[in-house]
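Okay, here's the structure, questions in a sec.
The values are calculated or read from the model by the stated rules, or taken from the named source; none is laboratory data. Since the model is a prediction, treat every value here as computed from it, not as a measurement. Methodologically, a virtual Cβ is constructed for each residue, glycine included, from the backbone with ideal geometry; neighbour enumeration extends over all protein chains shown.
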Amino acid sequence: MPRTYSLNPPPVSRSSTPNSPSPVFSDNLAQHTVYGLSIYGRLIKYTVVALLSVGVTGWAAFEGTHLYVEAAELGPETNEEVKKWGWDQEADIWTGGDAGGTDPGLGFKGRHAVRSAWMALNWGIGPGSSVIGSNAFSGKGPSGAGGLNIVDARLEFAQDYLSMALAIADDKLRSGNIHPQTPWRLLVRHAAVLERMGSQASWFEARSELEKVWAQIPKDGPDAARTALKLGDLNERLGDSEDALSWWARAIQLTQVDSKQEATLTLPTVPATAPASPLAQRTLISTLISLSAHYATSGQLKQAKAVEES
């Protein structure tokens with residue numbers, strides 16, 4: 001029987017078409033895409049969690065350090081022997097008064113600025129020992145050699161933080177939300193930092209600020225006596241010997257007179273008796289040492305000897 005041949009070609013399967021993607025390949029591609037996206041998702045999630053953890057840890061360490069300084073380093077004096085001899089009154093007061101710490105009226109930013117100044121002074125700021133072009137000076141006084149003010153970096157940072165706190169204190173004082181003593185206590189601290197910078201310009205600024213302190217404080221008691229002593233020392237460093245003698249005379253009288261009287265002497269007079277207060281005694285001794293040094297360095301040796309023997 002003869003064979004018959006069909007003229008129609010056999011049907012071609014769609015799955016064998018060269019241009020059609022393989023179902024297996026499509027499934028693998030989708031799986032790899034989902035897997036890759038899940039990896040990126042987990043990576044982003046872990047990164048966010050890590051950043052949040054680092055941020056929270058850093059913030060906790062930052063605030064913990066400030067709380068430690070507030071409670072421990074700036075806390076009130078509890079040693080009765082220290083109080084007996086008046087060392088607590090002579091210690092640096094960082095706006096907190098007898099309660100220690102910082103004045104709550106300064107607010108969050110102001111209190112952090114005061115504590116940061118304390119930390120810069122006492123703990124330092126890390127590598128680097130000096131900065132050039134300090135912004136602590138108003139330009140009224142002479143600059144250092146070559147017109148540059150080269151100062152210790154920790155002093156520059158401390159005065160910068162204290163300047164910030166002073167600006168906040170001035171605003172708060174106008175609204176009556178701060179202790180009246182806080183602004184001048186900050187001025188005392190800022191002037192002390194400027195004095196430690198050791199240049200003519202910084203001494204000029206320190207003297208200017210202590211004169212503002214003198215205008216604000218009561219003209220009696222240990223604060224007035226110590227301010228007068230410091231003003232005398234600064235005037236002597238700046239070459240204003242006449243003003244220095246006048247301030248030292250005030251300091252000596254303030255260690256002697258009744259708290260209701262005001263110092264009026266213009267020339268220092270060595271008192272016949274020592275004051276009863278240990279703090280007043282130390283202030284008097286420091287004043288007499290400054291006075292004796294002035295006489296000795298200005299060729300007035302007889303006066304220096306008389307002060308030393310008094």
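Each row is one residue, and each column tells you yes or no for (1) modelled with pLDDT under 90; (2) loosely packed, with under 13 Cβ neighbours inside 10 Å; (3) among the small types (G, A, S).
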site: V54; (1), (2), (3): no, yes, no
site: V69; (1), (2), (3): no, no, no
site: E77; (1), (2), (3): yes, no, no
site: I93; (1), (2), (3): yes, no, no
site: T102; (1), (2), (3): no, no, no
site: G107; (1), (2), (3): no, no, yes
site: V114; (1), (2), (3): no, no, no
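Let me ask something additional. Looking only at segment 183-210, which residues are more than 19 Å from the chain's Cα centre (by Cα), modelled with pLDDT under 95 and either among the small types (G, A, S) or buried (at least 22 other Cβ atoms within 10 Å of the Cβ) (or both)?
S199, A201
Restricted to segment 136-182, and to residues that are assigned to a helix (DSSP H, G or I) and polar (S, T, N, Q), which residue is modelled with the lowest pLDDT?
Across segment 136-182, the extreme among qualifying residues is S175.
Please go through segment 65-95 and pick out each residue that is farther than 21 Å from A225 by Cα and without any contact (Cβ under 8 Å) to a residue 24 or more places away in the chain.
Those that are farther than 21 Å from A225 by Cα and without any contact (Cβ under 8 Å) to a residue 24 or more places away in the chain: L67, Y68, A72, E77, T78, N79, E80, E81.
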